[in-house]
Structures are given as structure tokens and as C-alpha cells.
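Here the structure is laid out as C-alpha cells; the discussion comes afterwards.
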Amino acid sequence: MLEIKNLHVKLEAEDKAILKGVDLSIGAGTVHAIMGPNGSGKSTLSYVLAGREGYAVTDGTATLDGADLLALEPEERAAAGLFLAFQYPVEIPGVGNMTFLRTAVNAHRKARGEAEMSAGEFLKVVRAKAASLQIDADMMKRPVNVGFSGGEKKRNEILQMAMLEPRMCILDETDSGLDVDAMKLVAEGVNALRGAGRSFLVITHYQRLLDHIRPDVVHIMADGRIVKSGGPDLALEVESNGYADILREGA
Amino acid sequence: MVALLQAKADFLAARIAGLGFEATGWTVPARDAALARLTAMGLPGKRDEYWRYTDPASLTAPAPIPAKVFAADDESPAFDGIDSVRLVFVDGVFDAAASDDPAIAGIEIERLATAARADIHWAREVYGVLETRGQSPVARPLAALNTAFATDGVLIRVTGIAALPVALIYHHTSETSDAILHHCVKIEPGAEITLLESGPAAARFNAVLEVEVCAGGRFHHIRLQGRAHERRAATHVFARLGDASAFKSFTLTRNGRLTRNEAVIELAGDDAAAHIAGAAVGDGAFVHDDTVFVTHAGQRCESRQVFKKVLKNGAVGVFQGKILVKQGAQKTDGYQISQSLLLDEDSQFLAKPELEIYADDVKCSHGSTSGAIDDTALFYLRSRGVPAAEAKALLVLAFLAEAIGEIEDPAVAEDIRARLEAWLTRHEGR
């Protein structure tokens with residue numbers, strides 16, 4: 001589904017290379033995890049795939065179901081089925097959470113050539129999905145992420161994911177800033193979306209999220225490259241031994 | 001010095017040449033006094049501190065700069081869905097055929113032009129009176145000019161809760177029209193009315209609205225200044241608020257070459273509330289100036305000023321806002337915010353917020369910001385599939401939301417929001 005080949009990326013402003021040849025292939029219906037020390041390029045990879053400005057791709061390709069992701073605008077990538085759950089969900093004062101969600105859902109439908117969802121139908125769907133993530137009506141009325149706690153923000157990301165039904169989901173440190181209960185709730189939300197050929201790329205520092213969202217493949221990223229890939233056991237190895245051993249091995 | 005004074009006098013004489021008023025009726029003393037005030041003050045010039053950011057030359061020139069008539073039929077008329085008493089002015093001239101019969105329960109409505117012929121009238125206590133009070137500490141010569149030479153307007157006295165809003169509808173049909181209208185509203189104790197104004201009025205428009213709100217009275221005012229690109233306007237709202245009264249005014253400005261909206265509000269009684277807000281959007285040759293002066297004289301009064309401007313392609317926004325808290329005006333709660341969203345680097349916003357406080361137990365805050373669209377928020381919206389143009393419009397409307405939020409009637413607020421959205425769509429990518 002997602003094919004990344006020899007991806008090289010630098011920061012536009014500083015001429016500083018961040019990704020130095022990433023190769024990654026994620027098949028339909030699989031869950032991949034990327035772990036790695038701070039500054040290894042994990043978040044950059046997620047931003048570059050989603051189309052954030054400020055990065056320049058100097059070499060390599062990234063395709064989603066054969067479509068050249070890097071040639072698309074961010075909204076076109078979303079329409080193609082890509083979704084990034086942000087590490088730091090953005091606050092948007094003045095835009096109601098419900099309005100935001102309805103706008104996004106209808107933009108997707110429009111891109112697919114479908115009619116807009118009626119207000120009643122939308123409300124019914126959103127209520128059911130919000131309830132399972134313990135998002136109350138008040139959170140839906142408030143401006144997007146404004147005044148939300150860390151956990152509320154992350155649950156709100158998962159709600160968006162559930163509403164937009166993407167084929168390829170990238171979760172960028174979705175566990176950061178969450179307590180154990182909140183993490184479980186978020187993981188349950190993600191797990192409910194597994195299946196139906198949907199793929200996930202879970203970026204995390206810690207193994208504990210992977211206890212709840214079981215990955216098929218675990219990759220270790222360091223200094224802009226994927227240095228090691230393996231099964232779920234690789235995450236356990238990191239948890240007990242740290243990155244040092246693996247990095248030495250990789251070098 | 002003498003030459004300078006002479007030049008000032010000549011400048012004024014040229015502006016008021018051809019203007020005049022009938023020498024009979026109750027307005028004559030007020031008009032005479034206004035002319036004397038105007039003569040003493042002289043017309044404003046760009047060297048005046050109060051006109052530092054907005055050049056008044058086109059407002060003080062003998063003749064208006066011609067303004068092309070703007071006739072677009074891509075929007076429904078303002079306040080179309082609201083049942084109201086409609087009073088229509090075409091280039092400043094009352095159009096009886098297009099207007100409703102103003103005989104409705106609880107309100108007296110008369111035209112200034114006809115009422116002025118009487119020897120005595122209730123409006124004598126308002127006409128030019130609030131304007132005079134508003135001349136200190138800052139001179140407002142264009143308002144004095146208006147009081148002296150207004151050709152028409154409406155005089156509204158409300159004794160109960162008005163069954164319908166009064167809608168003043170202004171049409172601009174002549175490229176060289178130069179209108180001077182003066183309205184007075186008196187809200188008797190406990191009475192309530194909504195005044196709607198819409199349209200560009202004339203190539204050049206000088207408007208004064210004086211509002212006396214007696215104890216417990218409520219005044220709502222919604223103004224849409226029309227979409228004519230080339231018109232110029234100087235407007236003044238003078239309000240005096242009695243005990244526990246309320247004043248709410250919102251202005252939407254889209255387009256217009258020059259707009260100077262002054263509001264002078266005096267919280268004279270205790271426990272009164274005054275909210276004044278504006279949303280202005282301009283593209284290209286657009287100067288929009290909100291100049292507000294709120295005086296707290298009574299105790300426990302609340303005032304809010306919320307002004308937002310969206311500017312692009314060299315448009316200029318100006319805000320001069322002052323809160324004056326007089327000695328003894330304890331427990332005052334004053335709030336003022338003026339913000340601009342600059343959609344490109346050619347546009348500019350000039351703000352001069354001021355607080356002057358002589359009481360020791362007050363709460364006053366003010367803020368002014370100028371910024372661009374938040375790139376992070378834009379990316380967030382786009383990453384959720386919202387196309388760039390739609391995402392930008394959503395963020396611009398979010399920026400304007402606080403000002404629109406000052407509108408009490410949700411249907412009117414939604415209508416204004418839709419008109420702003422339509423404007424953004426029309427001006428997208430230009």
C-alpha cells in the first residue's frame with residue numbers, strides 16, 4: 001500500500017539533511033511501528049508523507065497504492081486515503097469541532113464525487129463514534145482542540161480518523177502525554193479501525209503503546225534511516241536494552 | 001498666522017458653499033450653533049492628530065470624488081428575511097414610494113425634513129445635543145457639519161418594545177451624490193428597538209446617528225455598509241446611556257474606498273452596558289478606520305469594543321479606540337480588542353488603543369494584534385482533506401468570529417457570516 005524508496009529529505013530553511021535514504025514497504029492490512037531515539041527523523045517522515053511545508057525531498061519516492069504522494073497537495077493526499085494523527089494536534093480558535101469535522105467529512109465525499117452528508121445523518125454517525133471514544137457533546141461544541149487536555153486532543157484525532165476512514169493511518173507519537181487509561185482508550189479506538197485492508201504506521205518512543213496496538217512489523221530508525229526491522233519482539237528488545245546495542249549493530 | 005486662519009476659513013467656505021438650511025423651525029438654533037462650532041474648529045486635515053492615519057481630504061473637498069454605482073445581484077438584499085419597517089433613501093433623498101408606512105404601535109417615526117418645520121419637537125433634546133457633548137475632548141468637525149447641514153434623516157421615539165425593527169435602506173444611484181443624513185433615536189425608560197441600516201447611500205456619505213437611551217432602555221443596531229467599491233463615508237454614532245440601559249452596535253464593512261466610522265459612547269448612568277463591534281474586509285483600494293471613544297461616568301458599567309479587519313492587496317485598516325474612566329466610575333469593566341488579519345505583505349493595520357483611568361476600582365483591558373493566517377492551522381485543515389481555499393476561508397471566518405459573536409440575533413449573525421464567506425469566495429486568489 002505505502003511504498004517508500006530511498007527517501008532523502010532536508011529542511012528547506014537550514015539545508016540540513018534529516019532523512020538519508022528511508023526504505024519502507026507497508027502492505028494492505030498490516031500494522032508497522034517505527035521506534036527510534038529523539039532526532040532520528042520519525043516525525044519528519046510523518047510530516048513529509050502528509051505534505052507539510054518546510055521540507056525538501058532531494059531524492060527518492062513515496063507512493064500510496066501507486067499514486068505519487070509527493071506530487072500531491074496535502075488535501076489530495078488525504079483524499080487519496082492518507083491520515084496523520086498529529087503528535088501535537090493544532091488548536092483552531094473560532095472553528096467549532098463539529099463544524100471542522102463536518103467540513104472535513106464533506107470535503108472527502110466531494111473529492112469522491114459523493115453528495116454531502118445531511119446534518120442529521122452526520123450527527124448520528126459522529127455521536128456513535130464520539131461516544132465510544134468518550135468524547136462528550138461539550139467537546140464537540142468547543143473550538144477545535146482549544147482548552148482540550150492532552151488526552152482529549154489525542155482522542156479527538158482518533159475520532160477524526162474514525163470519521164474519515166482513511167486507508168493508511170500514520171500515528172505520530174499518539175501515546176505522548178497520555179496516562180495509562182487514556183492510552184488504552186486511544187488504542188481501543190485504533191484497534192476498532194483495524195481490518196478491512198486498512199494499514200497503520202505507528203510512531204512511538206515506547207513499547208507500551210505496542211502492547212495495546214500489536215504491530216506486525218517493528219522498525220528502528222536512527223539518523224534518518226531504518227537500521228533494523230523485525231517482529232514485535234524487536235520492540236521488547238528496545239524496551240529492555242535501549243537503542244544503543246541495536247545502533248552499534250546497525251553501524 | 002492670520003494667513004493660515006484665512007486659509008482654513010476659505011477651505012471651510014468652499015466645503016459648505018451651496019449647503020444651507022431653512023431659517024424656520026426648531027432645528028435652527030441647533031444648526032446655527034453647529035455652524036459656529038464648525039467655524040471655530042475648522043475642517044479636519046491630515047496634520048490633525050485624530051486624522052493621522054486616515055487622510056480626510058476626500059471628505060472635506062468641496063465636491064465628492066465620483067464613485068461608480070455598484071450593481072451586483074449575486075446576493076439577496078440585506079435583512080431580506082427580517083420583517084421590518086423599511087425607510088428608503090436614494091442618494092440621500094427619501095423615497096416615499098419604496099418605503100413602508102411608519103405608523104406602528106409603540107414607535108413614533110418622522111422624517112427630519114418634515115419634522116424640522118415645527119416650532120417645537122421632542123428631538124430638540126437630542127438633535128445636535130449628543131453631538132455637542134461628543135466634541136470634547138476631541139473635535140469632530142464632520143459631525144458638526146452634519147448637524148448644521150443635514151438635509152434629512154429620521155427621528156425615532158420609542159415608548160414601548162417596538163414590534164418591528166426599523167430598517168434604513170440606502171441606495172447609491174448617482175456617481176456624484178453627496179448625502180448628509182442625521183438620525184435621532186430616543187428610547188424612553190424601559191423601551192427597546194432594533195435599528196438596521198444597509199447600503200452605500202451615496203458617492204460620499206456623511207451620517208450622524210444620535211441615540212439617547214433612557215433608564216432600562218435597550219438599543220440594538222446592525223449596520224451593513226454596502227458593497228460599492230468606490231464610495232466614501234464618514235459616519236458618527238453618538239450615544240448616551242442611562243441607568244441599567246443597553247447599547248449594542250455591529251457594523252459590517254465590505255469594500256468602499258474610504259470609511260471612517262466614529263462612535264462616541266457615554267455611559268452616563270450606573271449599571272449600563274455598551275457593546276460596539278465591527279468586521280471589515282477590504283481588498284485593494286480600501287481604507288477603513290474605526291475611531292471609538294467610550295466614556296465611563298456611571299458606576300458598574302460594562303463596555304466592549306471588538307473590531308476585526310481582514311486586509312489584502314494593499315488595503316489599510318485603522319483603529320483608534322479609547323476608554324476614558326472618569327473619577328467615581330467605580331467597578332467599571334472595560335474591554336477593547338482590535339485585530340487585523342493581513343492576507344499579504346502589502347496590507348497594513350494601524351492601531352492606537354488608549355486607556356485613561358481616573359477611578360481606582362476598575363477592570364480594563366485592551367489588546368491589538370496584527371498577523372497572517374496560521375500556517376500550522378492551515379496545514380492541519382488541509383491534512384484532513386479540506387482544500388486550501390476553503391481552509392483559508394474557514395480560518396478567516398474564525399478570526400472574525402468574536403466580532404460576529406457580538407450580534408445578539410443568531411439568524412442575523414448567520415446571515416452576516418454567510419455574506420462574509422461570500423465576499424471571501426469572490427475575492428479568493430486575487
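Every number here is computed from the coordinates shown, using simple stated rules; none is lab data. Bear in mind that the values here come from a model prediction, so they are computed numbers and not experimental data. When we count neighbours, we look across all protein chains shown, and the Cβ atoms used for this are built from the backbone with ideal geometry, even at glycine.
The residue among B:SER99, B:ILE120, A:THR44 whose Cα reaches farthest toward the positive pole of the charge dipole of the protein assembly as shown, with charges on the beta-carbon of Lys, Arg, Asp and Glu, is B:ILE120. Among B:166-176, B:275-285, the peptide with the highest mean count of other Cβ atoms within 10 Å heads the list, and the full ranking is B:275-285, B:166-176. GNM on chain B, C-alpha springs below 10 Å: top fluctuator among B:ALA403, B:ALA268, B:ALA14? The residue that fluctuates most here is B:ALA14. Across A:LEU178, A:LEU69, A:LEU123, mean-square fluctuation computed from a Gaussian network of chain A (C-alpha pairs under 10 Å connected) peaks at A:LEU123.
The mean number of partner chain beta-carbon atoms within 10 angstrom of a residue's beta-carbon across peptide A:84-95 is 5.
Comparing B:ALA393, B:ALA23, B:ALA148 in a Gaussian network model of chain B, where Cα atoms under 10 Å apart are tied by springs, the biggest mean-square fluctuation is seen for B:ALA23.
Computed about the Cα centre, the dipole magnitude for the protein assembly as shown is approximately 540 debye when only Lys and Arg (+1) and Asp and Glu (-1) carry charge, each at its Cβ.
Spatially, region A:1-57 and region B:253-305 are offset by 51 Å when compared through their Cα centroids. A cut-off of 5 Å between modelled amide H atoms, ignoring neighbours fewer than 5 places along the same chain, links B:VAL325 with B:HIS296, B:GLU356, B:ILE357, B:TYR358. Computed over the alpha-carbon pairs of region A:1-109, the distance histogram in 10 Å steps reads 12, 42, 32, 14, 0 percent, short to long. Basic side chains Lys and Arg get +1 at the Cβ, acidic Asp and Glu get -1 at the Cβ, and with that the dipole of chain B about its Cα centre reaches some 960 debye.
Rounded to the nearest Hz, the phi-derived 3J(HN,Hα) couplings of region B:253-261 under the Karplus curve 6.51 cos²θ - 1.76 cosθ + 1.60 (θ = phi - 60°) are 10, 10, 6, x, 5, 9, 9, 10, 9, where x marks glycine and proline. Placing +1 on each Lys and Arg Cβ and -1 on each Asp and Glu Cβ, with no other charges, gives region B:289-350 a dipole about its Cα centre of roughly 420 debye.
Considering all different alpha carbon pairs of chain A, the Kirkwood hydrodynamic radius works out to 18.7 Å. Reported value for the protein assembly as shown: 190 Å³ per residue, from the convex hull of its C-alpha atoms. Averaged over the residues of peptide B:324-334, the number of Cβ atoms from other protein chains lying within 10 Å of each residue's Cβ is 0. For chain B, the square roots a ≥ b ≥ c of the C-alpha gyration tensor eigenvalues yield an a/c under 1.5, which makes the shape rounded.
Between B:ALA103 and B:THR39, the contour length at 0.36 nm per residue exceeds the Cα-Cα span by 19.2 nm. Helices in chain A, meaning DSSP H runs of at least 4 residues, each add -39500 (n - 2.57). Divided by all residues, the mean residue ellipticity at 222 nm is -11500 deg cm²/dmol.
Values of log10 I(q)/I(0) for region B:275-380 across q = 0.17, 0.24 Å⁻¹ run -0.75, -1.13, by the Debye formula with one identical scatterer at each alpha carbon and no solvent. For region B:113-177, trypsin sites (Lys or Arg not before Pro) are listed when DSSP marks them as loop and at most 12 other Cβ atoms sit within 10 Å of their Cβ; the list is B:ARG117. Per residue, chain B reaches -6500 deg cm²/dmol at 222 nm when only DSSP H runs of four or more residues are counted, each adding -39500 (n - 2.57). Each Cα pair under 8 Å and six or more residues apart adds its separation to the average, and for chain A the resulting relative contact order is 29 percent. Taken over the Cα atoms of region B:1-112, the convex hull encloses 208 Å³ per residue.
The trypsin sites (Lys or Arg not before Pro) of region B:5-50 that meet both conditions, a loop assignment by DSSP and at most 14 other Cβ atoms within 10 Å of the site Cβ, are B:LYS46, B:ARG47. Cα centroids of region A:100-126 and region B:199-252: 40 Å apart. Taking GluC sites (Glu not before Pro) across region A:1-30, the ones in a DSSP loop with at most 14 further Cβ atoms lying within 10 angstrom of their Cβ are A:GLU12, A:GLU14.
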